[in-house]
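In what follows, a single structure is set out as structure tokens and then discussed.
The values are calculated or read from the model by the stated rules, or taken from the named source; none is laboratory data. Owing to the predicted nature of the structure, the values given are computational and were not obtained by experimental measurement. Because the Cβ atoms are built from the backbone with ideal geometry, glycine has one as well, and the counts that use them run over all protein chains shown.
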Amino acid sequence: MSVLVFIDTAEGHVKKASLEALSYGAKVAEKLGETAEGVVLGSVTEDLAALGKYGVKRIHQVSNKTLDHFDPQVDTNVIAQVAEKTGAKVIVFANNVDGKAIAPRLSARLKAGLVSGAVALPDTSNGFTVKKNVFSGKAFANITIQTEIKIIALSPNAYQVVSGEGTAEVVAFDATVNAGKIKVTHVTKASGEVPLTEAEIVVSAGRGMKGPENWGMVEELAKTLHAALACSRPVADAHWRPHNEHVGQTGIAIAPNLYIAIGISGAIQHLAGVNRSKVIVVINKDPEAPFFKAADYGIVGDAFEIVPKFTAAVKKLKGVA
Amino acid sequence: MKILVCISKTPDTTAKIAFTDNNTKFDTNGVQWIINPYDEWYALVRAIELKEKDSSSVIHLITVGGADTEPIIRKALALGGDEAIRVNADSHDSFYIASQIAGVAKQGAYDLIFTGKETIDYNGSSIGGMVAELLDLPYVSLATKFELSGTKATISREIEGGEEICEVDLPVVVSAQKGMAEQRIPNMRGIMAARTKPLKVVEPTAVNALTMVAGFGLPPAKAGVKLVSPDNVEELVRLLHEESKSF
Ligand SMILES: Cc1cc2nc3c(=O)[nH]c(=O)nc-3n(C[C@H](O)[C@H](O)[C@H](O)COP(=O)(O)OP(=O)(O)OC[C@H]3O[C@@H](n4cnc5c(N)ncnc54)[C@H](O)[C@@H]3O)c2cc1C
Ligand SMILES: Nc1ncnc2c1ncn2[C@@H]1O[C@H](COP(=O)(O)O)[C@@H](O)[C@H]1O
């Protein structure tokens, strides 16, 4: 019997969210006295055996070319075969873009209860209960899974990657792979930039920046911190910034280690997408801005003066000119 | 073309979140209910736009919920749905809801099923995928654009740090998010018309829920903000480096 972790890759590399899922899965396996195993689909350039350091003992690799393109219907079918073969009791996904597409399908397929957006290890003292975020991070719920097989989709940045010693045994898994119905024709990736949902640090700005022409200083700060960029909804609606940077209740929900909000008032719908950040810094010229109530650190002042100083101070700290 | 749009009801985005009955129930006292924004602004409006291009299309709305969801469904009809189906059941189990939707969808032979990206209360992001699996249909999640030519859909969807464009033949299940369409306000004519549009109530089929809510909680309150003088930005950077160890 196993705790099976879906190892999600992009361009042959294992995503950070999957390292969290592996660490989490290993811990669940330890709790249940089972073995942590992994499943990876398609071509991978990374050394899979090395993932053993996150506690996974065996990795099933289904290296069929069809699987290089993402099709949740095809992938679900393959993962179901691996789950059956390994007698999976718990199946762990990262609750990222791919996880959100596959985990629900697998849940319906196996009639296995799913908790998506889990933020903690399961409580097995009385049944099997998993904590997840609800109401856009304004509250949490404890969800009891009532089925024999359980599926957990782990929120990115909710569980610390734990790495130790060990190598995983990598075995080729011979699965039946159906032809997919979805044909991917084009992929665009903002190369070199940090994906927002995976970023440790996010620099975000709002209407206080007055116009898109002033984003240079925001970008400079983000670059200096190796941070991803985000913005408030009106900024995206006005096309000052692309839609995929919009965070909040109706945008992307993030939980980075550090969220820096510049010229954002902190409306409840904005907070809903960022309130799980570990540390929040607010720069706003209005001392009454609601965001200060949700912040850990703040500066009351003009962003146009503070942001360049911020960048300079970080550069000084890092010893770069 | 027959389009099914899944509509759910959620508390208004500014609603106070509190719980009753020993933290096992959401406190609905004074809560305003709205159509889940993703369902309304993106899924439904895109469906309406498709119908505007091809007037032979019909839009059916489905909600799984009690009689208290009817104002929400009427509003969705006012925006532009042709008729609505309410499955008379109240559940927070995604699989239960998805099974009810799939049951109705099977009978309707829909070419296209739209859901929102997620409900802003339970944040499952699960129902679209489950419906697709139950109907053995392809599923394109987190779609930001949807174009149709004949029976071929071209869909853009979010991926980490980018976008993917794919093609798929109908029928397909699509979960919609920002980018798909722009929010609309129902007009008077729509509101009047909605009053007489059919709203069919059907009883749920027997399905076992796979999960159950054991209880709720609120996150611990923040300790309070530490303010740094605007003349001393270096101090903020020092705190972030040494105290919170953020970089
Ligand atoms: C259903 C619904 C869903 C929504 N979803 C979202 C969502 O997902 N995400 C989201 O962000 N919003 C969302 N909103 C909108 C939200 O309510 C706010 O309107 C929005 O977040 C405000 O954006 P802002 O803070 O950039 O702008 P404003 O509210 O205009 O705030 C600008 C801030 O900048 C400050 N400022 C001005 N000049 C300077 C300066 N020189 N230096 C420093 N500070 C300065 C001001 O003091 C002010 O606090 C939603 C609204 C609704 C109704
Ligand atoms: N009770 C419901 N009735 C009809 N559709 C629903 C219901 N709950 C959720 N949905 C649809 O499924 C989408 C995703 O919901 P969820 O998986 O709960 O986040 C929503 O945006 C709706 O389109």
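A:LYS150 meets the conditions (1) within 30 Å of A:ALA179 (Cα to Cα); (2) at pLDDT below 95 in every case but one. The failed one is (2).
Test A:LEU106 against the criterion of being away from ligand 1 (no atom under 16 Å from the Cβ), surrounded by fewer than 23 Cβ atoms within 10 Å (Cβ to Cβ) and not assigned by TED's automatic domain parsing to the domain that holds A:THR250, and give yes or no. Criteria not met by A:LEU106. Residues that are among the aliphatic types (A, V, I, L, M) and closer than 13 Å to B:LEU227 by Cβ were ranked within segment A:284-297; the one that is nearest to the other protein chains (Cβ to nearest Cβ) is A:ALA295. When we screen A:VAL171, A:VAL194, A:VAL177, A:VAL235 for residues that are touching a strand residue (DSSP E or B) at 6+ places or on another chain (Cβ under 8 Å) and within 16 Å of ligand 1 (Cβ to nearest atom), the only hit is A:VAL235. With respect to A:VAL314, is the statement that it is in contact with a Leu (Cβ under 8 Å, 6 or more places away or on another chain) and farther than 26 Å from A:PHE135 by Cβ true? So A:VAL314 fits the description; yes. Only residues that are among the aliphatic types (A, V, I, L, M), surrounded by fewer than 18 Cβ atoms within 10 Å (Cβ to Cβ) and closer than 23 Å to B:LEU142 by Cβ were counted across segment B:49-101, and they come to 0. Being more than 7 Å from ligand 1 (Cβ to nearest atom), under 25 Å from B:SER229 (Cβ atoms), crowded, with 22+ Cβ neighbours inside 10 Å and among the β-branched types (Val, Ile, Thr) holds for only one residue in A:VAL218, A:VAL279, A:VAL300, and it is A:VAL218. The numbered conditions (1) within 26 Å of the chain's Cα centre (by Cα); (2) polar (S, T, N, Q); (3) more than 12 Å from ligand 1 (Cβ to nearest atom) are all true for A:GLN269 except (3). Do we find a residue being closer than 18 Å to B:PHE95 by Cβ, facing chain B (nearest Cβ under 7 Å) and without any contact (Cβ under 8 Å) to a residue 12 or more places away in the chain anywhere in segment A:136-151? Yes, segment A:136-151 contains a residue that is closer than 18 Å to B:PHE95 by Cβ, facing chain B (nearest Cβ under 7 Å) and without any contact (Cβ under 8 Å) to a residue 12 or more places away in the chain. In this structure, B:VAL168 does not satisfy being buried (at least 19 other Cβ atoms within 10 Å of the Cβ) and in a helix (DSSP H, G or I).
Count of segment A:174-198 residues, restricted to those that are more than 9 Å from chain B (Cβ to nearest Cβ) and not acidic (Asp, Glu), is 6.
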